[in-house]
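Below you'll find the structure, written out as structure tokens, and then a few comments.
The values are calculated or read from the model by the stated rules, or taken from the named source; none is laboratory data. Please read these numbers as outputs of a predicted model, since none were measured by experiment. Cβ atoms come from the backbone with ideal geometry, glycine included; neighbour counts cover every protein chain shown. Areas reflect the complete protein model, heavy atoms only, side chains present, ligands, DNA and RNA absent. Shrake-Rupley method; radii C 1.70, N 1.55, O 1.52, S 1.80 Å.
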Amino acid sequence: MDEIISKAATLLEALPYIQRFRSQIFVVKYGGSFMDSPDPEVRHRVARDVVFLEAVGINPVVVHGGGKAITRALEAARVKAQFVQGHRVTDAATAEIVDRVLSREINPEIVKAIQDFGGKARGFAGSEIFRCRKLCLEDESGKPVDVGFVGEVYEVNIDPLRECIRRSSTPVISPTARGYAGKIYNCNADIAAAKTAIALKARRLVFMSDVPGLLRDPQDDTTLMRHLSAAEVPELKQSGVVGEGMIPKVDSAIAAIESGVEKVQFVDGRIPHSVLLEIFTDAGVGTEVVL
């Protein structure tokens with residue numbers, strides 16, 4: 001009986017959040033090692049969380065990653081993966097593989113998983129939604145670094161996304177974009193998710209990854225920072241607490257918050273139902289970043 005009562009208590013804890021967030025848009029960056037699990041239950045459990053959000057009247061929008069699947073596909077094609085400042089170096093052949101894996105393999109699988117759990121979803125190749133300019137990087141000496149067909153999203157076509165939301169269907173978007181001369185570019189999924197949240201005036205942006213959240217010591221999970229203000233971030237970057245791999249996520253979070261997104265949350269996709277635990281419980285399980 002106590003266990004049954006505790007389940008009711010969990011529902012009651014979630015109630016004010018459900019009431020507060022009804023009809024709001026939540027953008028979820030869907031990614032992490034769970035996506036590569038051989039166990040379908042593990043691989044698709046976030047899809048069930050997305051269906052829960054739909055069921056309680058929240059409008060989820062998913063932007064997904066797929067880095068490990070891309071790396072495997074490149075290895076099969078005997079192309080060695082290279083990264084510069086957290087971005088995958090992408091030549092024309094790599095861009096074609098990236099687009100195939102993200103838009104025609106991973107995207108339909110996520111859509112089907114949402115539908116299999118009773119939800120509604122529609123998949124979009126990012127090239128239908130995002131416009132980008134070529135990403136320009138510099139090395140430590142200030143010299144330009146060419147990473148190829150890597151784009152920086154600057155425009156989001158929100159009309160088809162809003163049509164999905166109007167129909168209570170979840171848009172699922174791959175992180176590719178249309179760039180110069182109509183060519184397809186590989187884009188950072190975190191940045192694409194943040195640009196989507198800004199364009200849709202989303203209430204929340206949730207980043208999923210393989211760490212508990214933002215850690216003061218990357219080697220120690222007990223140093224999780226549960227609450228962070230935007231003003232604290234420059235010092236954390238300067239001190240190296242926010243390392244190279246996290247910089248695009250954190251910079252995207254700050255850009256989203258400064259553009260009106262109420263809160264950005266970082267959660268561990270390896271924890272079952274981490275999205276729901278972060279959104280609908282008082283304690284949460286990750287890091288929340290606010291203005």
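Give me the strands (runs of 3 or more DSSP E) completely within segment 47-158, filtered to those with at least 2 residues that are within 30 Å of residue 20 (Cα to Cα) and open to solvent by less than 50 Å² (accessible area, probe 1.4 Å), ordered by residue number.
59-64, 121-124
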**Prompt:** Could we say that residue 14 is under 30 Å from residue 128 (Cβ atoms), modelled with pLDDT under 95 and among the small types (Gly, Ala, Ser) here?
**Reply:** no
**Asked** What number goes with the only condition from (1) over 12 Å from residue 206 (Cβ atoms); (2) touching a Gly at 6+ places or on another chain (Cβ under 9 Å) that residue 3 does not pass?
**Response** (2)
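In segment 1-35, which residues are part of a helix (DSSP H, G or I) and under 17 Å from residue 114 (Cα atoms)?
Of segment 1-35, the ones part of a helix (DSSP H, G or I) are 2-21, 33-35.
Within segment 1-35, 34, 35 meet the criteria.
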**Prompt:** Before we move on, is residue 164 open to solvent by less than 70 Å² (accessible area, probe 1.4 Å) and farther than 22 Å from residue 253 by Cβ?
**Reply:** yes
